[in-house]
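Take a look at the structure set out below.
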Ligand SMILES: Nc1ncnc2c1ncn2[C@@H]1O[C@H](COP(=O)(O)OP(=O)(O)O)[C@@H](O)[C@H]1O
Ligand SMILES: [Mg+2]
C-alpha cells in the first residue's frame, strides 16, 4: 500500500443554483518521502485537493488514505487532531502572525504538538539563524516564506502541503524556497506536496500529478529529478 492513496475522490461546491465540480473522480498514489508537484491551471481543482489532503476541507465521495488511515471518514474532532499533529501547511502569502518574531511564529506551531523540533534549530536549517528575533515586516518575502516553512516543518508533520509557495516570490528567492523544500524531502524524508500552475517546476519533482478540469489527467514519475540550482524557469 502506498503512503498516500486517493481513490475516486469527488468534491462539489453548491453556488446558488449551480453545482461546481471542483474534484471529479480523482485517483493517485504518493510514496513516503517523495517531492510531488500537483500541476494545473487556475481553477483545475488543485487547492481543493490540497485542502482535502490536509483535513481543511472534506470530500463528498471517495477515500483519502494517509499512512493506512482513511481521513475521509474522520469526525470533525479527528480531523482537527489530524490537522494539528500530522500536517504542515505553507501558503502563497505566508500567513505569519505580524506581532510575533520569526522564532515566536515557529514556537506557536511547535507548542501544540508532542515531539516538535526545536524552533531555533529549524530556523537555522532554513538559513535564518541571524533573523530569529525579527518580526515579519522586517523580513523579505523569501525570508518570510522560509519562516512559514520552518513553522510547518517544526511540527514534524507526516505531510508538508504547499499551495503556490513561490507564487509571491521573485525568481531567485523562489528557487531558494524550492531548494529548501526539495532538501526536506531528500534529507529529512518528508513527504512534500507542492501545488503550482507553473509547469517549469515539474522537473524537480519525483512525481508530477497533472490536473485539468477537476480531474487527474496524468501522473508521471521522474526517476532523475533535476536539482533546483540548474533549473531555468
Ligand atoms: N469554497 C468554494 N466555494 C465555491 N467554489 C469553490 C470553492 N473552492 C473552490 N471552488 C471552485 O472549485 C473550482 C476549483 O478551484 P480550486 O481548487 O481553487 O482550483 P485551483 O487551486 O486549481 O485554482 C473552481 O471553479 C473554484 O471556483
Ligand atoms: Mg489554488
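Since every read-out is calculated from the coordinates, none of them should be taken as a lab result. In this text, all values refer to a predicted model and were calculated from it rather than measured experimentally. Here the Cβ is made from the backbone with ideal geometry for all residues, glycine too, and neighbour counts use every protein chain on show.
Rounded to the nearest 10 degrees, the inclination of helix 171-188 to the longest alpha-carbon principal axis of the chain is 80 degrees. In the chain, the longest principal axis of the Cα atoms and the axis of helix 141-154 are about 70 degrees apart.
With contributions of -39500 (n - 2.57) from each DSSP H run of at least four residues, the per-residue ellipticity at 222 nm computed over the chain stands at -8500 deg cm²/dmol. Put simply, when 114-122, 209-217 are sorted by average Cβ atoms within 10 angstrom per residue, most first, you get 209-217, 114-122.
Between 0 and 90 degrees, the angle of helix 76-86 with respect to the longest Cα principal axis of the chain falls at about 40 degrees.
How large is the translational diffusion coefficient of the stretch 149-233 in µm² per second when you combine the Kirkwood radius over alpha carbon pairs with Stokes-Einstein at 10 °C and 1.306 mPa s? The calculation lands on 117 µm²/s.
Using a 10 Å cut-off on Cβ atoms, rank the peptides 63-74, 196-207, 36-47 from the highest mean neighbour count down. Can you show the working numbers first?
Numbers: 63-74: 16.3, 196-207: 18.6, 36-47: 20.5.
The densest-packed peptide leads the list: 36-47, 196-207, 63-74.
Here the stretch 12-79 and the stretch 104-168 have alpha carbon centers that stand 25 Å from each other. Taking 125, 107, 164 as the candidate residues, the one with maximal mean-square fluctuation in a Gaussian network model of the chain, Cα springs under 10 Å, is 125. Normalising the average separation of contacting C-alpha pairs (under 8 angstrom, six or more residues apart) by the number of residues puts the relative contact order of the chain at 27 percent. Ranked by the mean number of other Cβ atoms within 10 Å of their residues, highest first, the peptides 132-143, 23-34 fall in the order 23-34, 132-143. Quick note on the chain: its Rg to Rh ratio, both from C-alpha atoms and Rh being the Kirkwood radius, is 0.96.
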